[in-house]
1. Name, by its number, the condition in (1) of a type in the set (A, V, I, L, M); (2) more than 16 Å from S31 (Cβ to Cβ); (3) more than 9 Å from the chain's Cα centre (by Cα) that does not hold for A98.
2. (1) basic (K, R); (2) in contact with a strand residue (DSSP E or B) (Cβ under 7 Å, 6 or more places away or on another chain); (3) closer than 27 Å to T139 by Cβ: which one isn't true of K92, the others all being true?
3. Collect the residues in segment 1-51 that are modelled with pLDDT of 90 or more, among the charged types (D, E, K, R) and open to solvent by 80 Å² or more (accessible area, probe 1.4 Å), keeping them in residue-number order.
4. In segment 45-72, which residue that is of a type in the set (D, E) and closer than 17 Å to E132 by Cβ is nearest to the chain's Cα centre (by Cα)?
5. Do any residues in segment 81-97 that are free of Cβ contacts under 8 Å to residues at least 24 places away in the same chain have Cβ atoms under 8 Å from those of residues that are of a type in the set (V, I, T), where the two are at least six apart or on different chains, and which pairs are they?
6. Name the pairs whose Cβ atoms lie under 7 Å apart, with the first residue in segment 51-62 and without any contact (Cβ under 8 Å) to a residue 60 or more places away in the chain, the second open to solvent by less than 10 Å² (accessible area, probe 1.4 Å) and part of a helix (DSSP H, G or I), and 6 or more positions between them or separate chains?
7. If you go through segment 101-127 one residue at a time, how many are open to solvent by less than 10 Å² (accessible area, probe 1.4 Å), part of a helix (DSSP H, G or I) and not polar (S, T, N, Q)?
Amino acid sequence: MDQIIEFAGNHMMLVAAFIIVLGMLIGNEVSRLTRGFNDISPADATKLINHTETLVVDIRTASENREGHILNSKHIPTAELQKRLKELDKYKQAHVIAYCRSGNRSVAACKILKQHGFENVYNLGGGIMAWESANLPVTRK
């Protein structure tokens, strides 16, 4: 115990950095566990799409959507999601997968969907980039 105290006294910046990083990791994990939805891999998303009633929502911009999107996905940019929730009401009991380019912007969409009563919400981890990296099909139609 004396060695730990001596180390902390001699390396205060290192200990402070460790405490900050540890706090950030714990905070991130608590946030992930309490947000009400999970990330889903492209492989698991494909299984869900093929075996259950699943709505896939592309929340990217129109120009990003034109570059390629998941077949049969519904395009609703994040900025329009609040206004267009009525279009999705029939999917409140179904599985809903939201995706963007990398999986970060779609987190906000997932939060909105959960707040409005959607039960089975997923964020496509890695977004369309992960989908394409897994050699899964995209369409430009």
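The values are calculated or read from the model by the stated rules, or taken from the named source; none is laboratory data. Everything numeric here is computed off the predicted structure, so don't read it as measured data. Counting neighbours? That spans all protein chains shown, and the Cβs are built from the backbone with ideal geometry, glycine included. With ligands, DNA and RNA removed, areas are computed over all heavy atoms of the protein, side chains included. Shrake-Rupley method; radii C 1.70, N 1.55, O 1.52, S 1.80 Å.
1. Of the numbered conditions (1) of a type in the set (A, V, I, L, M); (2) more than 16 Å from S31 (Cβ to Cβ); (3) more than 9 Å from the chain's Cα centre (by Cα), the odd one out for A98 is (3).
2. All conditions are met except number (2).
3. D39, K47
4. Step one: filter segment 45-72 for residues of a type in the set (D, E), giving 53, 58, 64, 67.
With closer than 17 Å to E132 by Cβ added as a condition, the list becomes 58, 64, 67.
Numbers: D58: 12, E64: 17, E67: 20 Å.
The residue in question is D58.
5. Matching pairs, first to second residue: R84/I76; E87/I76.
6. Hits for this filter: L55/L88; V57/A109; I59/L81; I59/S106; I59/A109.
7. Within segment 101-127, residues that are open to solvent by less than 10 Å² (accessible area, probe 1.4 Å), part of a helix (DSSP H, G or I) and not polar (S, T, N, Q) number 4.
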